[in-house]
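Here's the structure we're looking at; comments come further down.
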Amino acid sequence: MHRPRHEDWSLPKGKLNRGESWEEAALREVEEESAVRATIVERLEPTCYWVGDNPKIVLWYRMSIEERNPFAPNAEVDAIEWLWSDHIADQLTLPADVTVAAEALAQVGIAVPGQPGPTLASPTQFPWKPKGTLWGRGTRAT
């Protein structure tokens, strides 16, 4: 997804609302930012970093797509596009996002070029798109 405020391509992420669990927040953010209703399959390794003097942690989840609704560009996310795993490293801006995507794909037997993972299958070998294993990006809406 493209975030115009940051001028980057990123995976969906956000902040917890009061009283919300990590899992509820993850599902809500994915739906708000990508128009995809999903279910959590499993938790991935967290990303930890500093924002100024404050530590930040991002919990990641591998999800299964339940429903894809029409995406409407907005101020937070102005574009999404689905892509094959061999384009992830070139399209995502943040290296941590590439690592998370590669980890999620490796768990279902798909390698991301240049990232650790299985050599069992390459998405270019298949004419189909595996459910819940592709990540969004695209061109900006005009």
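Just so it is clear, none of the values below were taken in a lab; they were calculated from the coordinates. A quick note: this is a predicted structure, and the numbers were derived from the prediction, not measured. Neighbour counts run over all protein chains shown; Cβ positions are idealised from the backbone, glycine included.
Tabulated results
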{"quantity": "Every residue from segment 76-96 that is in a loop (DSSP other than H, G, I, E, B) and either over 17 Å from R3 (Cβ atoms) or out of contact with any Pro (no Cβ under 7 Å at 6 or more places or on another chain) (or both)", "calculated": "E76, V77, I80, E81, W84, L92, T93, L94"}
{"quantity": "Hits in segment 65-75 - residues which are of a type outside the set (D, E), in a strand (DSSP E or B) and more than 27 Å from C48 (Cα to Cα)", "calculated": "R68"}
{"quantity": "Hits in segment 37-50 - residues which are closer than 24 Å to E81 by Cα and either free of Cβ contacts under 8 Å to residues at least 60 places away in the same chain or among the small types (G, A, S) (or both)", "calculated": "R37, A38, T39, I40, R43, T47"}
{"quantity": "Where R62 falls short, out of the listed (1) of a type in the set (D, E, K, R); (2) part of a strand (DSSP E or B); (3) farther than 14 Å from V100 by Cα", "calculated": "(3)"}
{"quantity": "Any hit, segment 40-56, residues being more than 20 Å from T99 (Cα to Cα) and buried (at least 16 other Cβ atoms within 10 Å of the Cβ)", "calculated": "no"}
{"quantity": "Counted residues, segment 57-110 - those being surrounded by fewer than 16 Cβ atoms within 10 Å (Cβ to Cβ), among the polar types (S, T, N, Q) and farther than 14 Å from R43 by Cα", "calculated": "3"}
{"quantity": "Long-range neighbours under 9 Å by Cβ, at least six apart or interchain, first residue under 10 Å from D97 (Cβ atoms) and touching a residue at least 60 places away in the same chain (Cβ under 8 Å) within segment 9-20, second part of a loop (DSSP other than H, G, I, E, B) and of a type in the set (S, T, Y)", "calculated": "W9/T93; S10/T93"}
